[in-house]
Structure formats: structure tokens, C-alpha cells
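Working notes, beginning with the structure itself.
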Amino acid sequence: MMPEMDGFEVCKKLKEQEEYKDIPVIFLSALSETDTKVKGFDVGGVDYITKPFQRQEVLARIDLQIKLRRLQQQLELKVDELREREKLLKRLNQEKDDLMRIVSHDFRNPVTGIVGLIEVLRTSDDMSDDQKNEIYGAIKESGQKLIQLVNNLLDKKSESSINKINAKEVNFTKLVEDTVELHRPTAINKGIFFDVELDYILNFYLDRHKIEQAISNLISNALKFTPEGGTISVKLEKVDKDPQKAIIEVSDTGIGMSEDVINNLWDGDSEKVRYGTSGEKGSGIGLSLVKGFVDLHDGEIRVDSEEGKGTSFIINLTEIKK
């Protein structure tokens, strides 16, 4: 019953302002009708005391509201903490899923190639010693590389987060050579030739595992969609003699892609299945990882493809600053 603005309006105004809206308001009034009390609660009051009042009762109710407010604040903090933990768990689960996809792409083709070559050795009676030695060498190299991949996964100190860069100085040329060798059993088994042209690039700062996985996925993709007798070309070259820039190109003489496939190439939709020339399943997930890893390096990737004539993936990278 204050002049100009009554207590209900004061409470309403307080609740409309961000800095005051959470302050508990207790009405102390001579008005004792039920509808008046209800109105007090409707505008945001937490309690209603009618006159005449007892001092100890008022202090007790004030003390109760302060305790309730503090408990509410603690609850809000706990809720915020739980929300942050939920976000963290979602991120960690996503990284785990991404890691599993990477592992599946890194292991599937080499293991399939090794199994295929073992079957060739088992069933071929007229194979020359040179041919056998080539196959033995390919199996051994790929086996050693797979062991290295397992060790990298187990070595948490050397494993960087999926969404973060762990840049170190690497021999870029050897990185590409090792990645090609990982896929040689599949190439031999499928009757596909590798054409490798590498500029000598020794000291280059990048995340070895991510770029290795990106190149591996491109080669894996080329192997899927290239028929027997085809060629996969892998090139590494400097840019205008600049040691801090490099271009990696993986091209094939495979079945190529339609414009519609190219337009949806990077979305990683596992439901958009394409089958390789020997029935291999390709979902495009690997290519979404490739683009993600290249983007993390602030690099660029583009694709040139024509149905029936083949595909080229070109990655432009600039060395990460030390």
C-alpha cells in the first residue's frame, strides 16, 4: 500500500532485472486476504507475513530463505558442473569414435592385403622365387608397420588428441614412403601398380600421425575404386623450392566419381555406401577424416575426378610454426 508504486509492483520490477531477479522477497503487510497473498506469490514473492508480526518469526523466515537461496546456488553450481562434465564426456566419446574409425581404416586394408597374399602363396604352384620373395617382403613390411601402429596407439605419450595438433619435426619423404608400403600387399593382391615420385623433404613440422592417416586413407580409397591392372600415383613435391610448403597428390586410374558424389564427399555419411571394384565397402567416413586432419593443419584439399577415368586428391600443406 505504498504511494506511487505498491509492493507488488516493486517486486515485479525487481524480478524483471537480471541482477536482482534471484533475490528472495518476503512480503510484510497488513493485507491478509487470501487473494492478496496469492498475488504476492504470483509476482515472485517467496513468503508472506501479515501484521502484526513477531520479530523472532520474521528473523526465522528470513534466515530460512537465505539458507534456501544458498542451497539453490550450490545446486545451480552442481548442475553447471554436471553439464560441463556431460559436454566433456560427449567430446571424449566423439574422439573415441573417431579414433576407432581411424584404426579401422588403418588396419582393414593392410590386413586384407596380407590375408590375400597368403592365400595366393597357398594356392599358387607355378610362382617363381622372385615373385615369392616380393610377396614375403610386402607381408613383412606391412606386418612391421601394423606393429608400429599398435605401439603408437598404446603409447599415450605420443598419441595426440583427435582434434588437436601435436607437431614435431619429421622426415616427410619417409613418412609418405612408409604409408605407401603399408598398402603394398593390397595393391599386389589386387594387381594394382604404384607409381611413386617423392621430392626429398627432410625437416618438416607437422602432426605425423594425422598426416600419415590422411595419406593412408586416400591410398585406401584409391585401392578400393581402381580395378585390376590400374595404377595409383603418389607424389610429394616442394612448392616453388619453398621448404616450408609441400603438395601431396594421390591419383588413380579408377572408376572416378559423379558430380553428385563429389558434392557430398566430405560429409562422412556412413549410409552413403559405395562399393569398390572388388566389392569393397566404402562409406566416405575416411575422406571426412582426411579433410578434418588437413583443416587442423590449416591446409587445403581438393579433388579432380571424372567417371570412368579416375580421381586425384591434392593436399596443400604449409609447415606448422615451431
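Restricting attention to segment 222-238 and to residues that are open to solvent by 30 Å² or more (accessible area, probe 1.4 Å) and under 29 Å from the mean Cα position of the chain (by Cα), the residue that is farthest from K309 (Cα to Cα) turns out to be K238. Please tell me if I66 is aliphatic (A, V, I, L, M), in a loop (DSSP other than H, G, I, E, B) and out of contact with any strand residue (DSSP E or B) (no Cβ under 8 Å at 6 or more places or on another chain). For I66, the condition - aliphatic (A, V, I, L, M), in a loop (DSSP other than H, G, I, E, B) and out of contact with any strand residue (DSSP E or B) (no Cβ under 8 Å at 6 or more places or on another chain) - is not met. Are any of the residues in segment 117-125 open to solvent by 100 Å² or more (accessible area, probe 1.4 Å) and more than 38 Å from the chain's Cα centre (by Cα)? Yes, because at least one residue in segment 117-125 is open to solvent by 100 Å² or more (accessible area, probe 1.4 Å) and more than 38 Å from the chain's Cα centre (by Cα).
The residue that is most open to solvent (accessible area, probe 1.4 Å), counting only those in segment 1-22 that are under 30 Å from L75 (Cβ atoms) and touching a helix residue (DSSP H, G or I) at 6+ places or on another chain (Cβ under 9 Å), is Y20.
Scanning segment 188-211 for residues that are within 17 Å of I315 (Cα to Cα), in contact with a strand residue (DSSP E or B) (Cβ under 7 Å, 6 or more places away or on another chain) and either aliphatic (A, V, I, L, M) or not in a loop (DSSP other than H, G, I, E, B) (or both) turns up V196, E197, L198, I201, F204, Y205, L206, R208. Restricting segment 23-56 to residues that are open to solvent by 70 Å² or more (accessible area, probe 1.4 Å) and under 49 Å from the mean Cα position of the chain (by Cα) leaves a set whose member that is nearest to Q72 (Cα to Cα) is I23.
Comparison of K164, K90 shows that the only residue that is at pLDDT 75 or above, exposed (fewer than 12 other Cβ atoms within 10 Å of the Cβ) and in contact with a helix residue (DSSP H, G or I) (Cβ under 9 Å, 6 or more places away or on another chain) is K164.
The values are calculated or read from the model by the stated rules, or taken from the named source; none is laboratory data. Keep in mind it's a predicted model, so treat the numbers as computed, not measured. In this analysis, Cβ positions are derived from the backbone assuming ideal geometry, glycine residues included, and neighbour counts consider all displayed protein chains. We work out accessible area using only protein heavy atoms, side chains counted, and drop any ligands, DNA or RNA first. Shrake-Rupley method; radii C 1.70, N 1.55, O 1.52, S 1.80 Å.
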